[in-house]
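As structure tokens, the structure follows; a few thoughts come after it.
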Amino acid sequence: MIKTVKTDEEFSSKLSLPSLLYQKSSHFFTKMSFYPSNVRYALTISQEKKFIFFRVAKVGTRTILHLFKNANVELTAAHPYDCHYPVNKYKEYFKFAFVRNPWDRLVSCWLNKVVRSNLYHFSAEMLPRMQEFENFVDYVVENMDLECGDLHLRFQSKLIDFNHIDYLGRFENFTADLEEVLDILGIEGVIEKKGASPGRKGYREYYTDSTKDKVYKLYKRDIKIFNYEF
């Protein structure tokens, strides 16, 4: 028996008038230059060099911004956070980002934002506990919103517009990947990697089997998307 396939028109005829109007108008608006991205991003934009840099916290962002400054690259927007951007307006711009092993990134966040600066404003009583990495991991598990919360802990995959990205570099191959980006953009600059902590151990040394597994469950999405291993 051959089944009859219904056409779009037949399906659409069963929709309400508001739904039909939305279908027609949404197609029109998505083509307009001001149409915003669906998600908010941390962006650095240069009209001069025609690029968008999706900034992922704790993945060399200070180094890249410092390089742009020293190379006299004019930035249209340098440090906006959590903002929509008009996708079609920047359709022809080169878009890039860098990602990092999630286990390594979390250690970097903890050392920089808890051990040295108390970014999360832990009380005097609580701070000593949070300066033990295992306790901080438990705190992130129980309290942090990795979808929309603090940028230093948010999923890296939520900070990059994968529908429009042109180049995805890796922190583990930072210098070579950034040199390739600079070559594409026609920017001459010296890469001076910043942010390394004096005396910092390799990230694996901060983990126990328990914390390694907890962070895997926390960041499984990024680990799978970016193909990372402990």
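Kindly evaluate PRO80 against the criterion of being under 24 Å from LEU168 (Cβ atoms) and in contact with a helix residue (DSSP H, G or I) (Cβ under 8 Å, 6 or more places away or on another chain).
Considered against the rule, which asks whether it is under 24 Å from LEU168 (Cβ atoms) and in contact with a helix residue (DSSP H, G or I) (Cβ under 8 Å, 6 or more places away or on another chain), PRO80 comes out as no.
Set side by side, the residues ARG116, ARG105 differ, and just one is more than 20 Å from LEU218 (Cβ to Cβ) and out of contact with any strand residue (DSSP E or B) (no Cβ under 6 Å at 6 or more places or on another chain), which is ARG116.
Tally time: how many residues in segment 188-222 are in contact with a Ser or Thr (Cβ under 9 Å, 6 or more places away or on another chain) and either among the acidic types (Asp, Glu) or at pLDDT 95 or above (or both)?
Here is the first cut: in segment 188-222, the residues in contact with a Ser or Thr (Cβ under 9 Å, 6 or more places away or on another chain) are 191-195, 197, 200, 203, 221-222.
If we keep only those that are either among the acidic types (Asp, Glu) or at pLDDT 95 or above (or both) too, we end up with 192, 203, 221-222.
Total satisfying the criteria: 4.
With respect to the conditions (1) over 23 Å from the mean Cα position of the chain (by Cα); (2) over 22 Å from VAL115 (Cα atoms), ASP161 lacks only one, and its number is (1). The residues in segment 173-194 that are charged (D, E, K, R), in contact with a Phe, Trp or Tyr (Cβ under 9 Å, 6 or more places away or on another chain) and either exposed (fewer than 12 other Cβ atoms within 10 Å of the Cβ) or in a loop (DSSP other than H, G, I, E, B) (or both) can be counted, and the count is 1.
Condition check ((1) assigned to a helix (DSSP H, G or I); (2) within 19 Å of ARG55 (Cβ to Cβ); (3) more than 20 Å from the chain's Cα centre (by Cα)) across all residues:
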site	(1), (2), (3)
TRP110	yes, no, no
LYS113	yes, yes, no
ASN118	no, no, yes
PRO128	yes, no, yes
PHE136	yes, no, yes
VAL140	yes, no, no
GLU147	no, yes, no
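Pairs are defined by a Cβ separation below 9 Å, a sequence spacing of at least 6 or placement on different chains, a first member in segment 209-223 that is under 17 Å from CYS109 (Cα atoms) and touching a residue at least 12 places away in the same chain (Cβ under 8 Å), and a second member that is part of a helix (DSSP H, G or I) and among the acidic types (Asp, Glu); the pairs so defined are THR211/GLU134; THR211/ASP138; LYS214/GLU134; LYS214/ASP138. For ARG154, the requirement of being out of contact with any helix residue (DSSP H, G or I) (no Cβ under 8 Å at 6 or more places or on another chain) and surrounded by 14 or more Cβ atoms within 10 Å (Cβ to Cβ) is met.
The values are calculated or read from the model by the stated rules, or taken from the named source; none is laboratory data. Please read these numbers as outputs of a predicted model, since none were measured by experiment. Here Cβ is always computed from backbone atoms with ideal geometry, including for glycine, and neighbour counts include all displayed protein chains.
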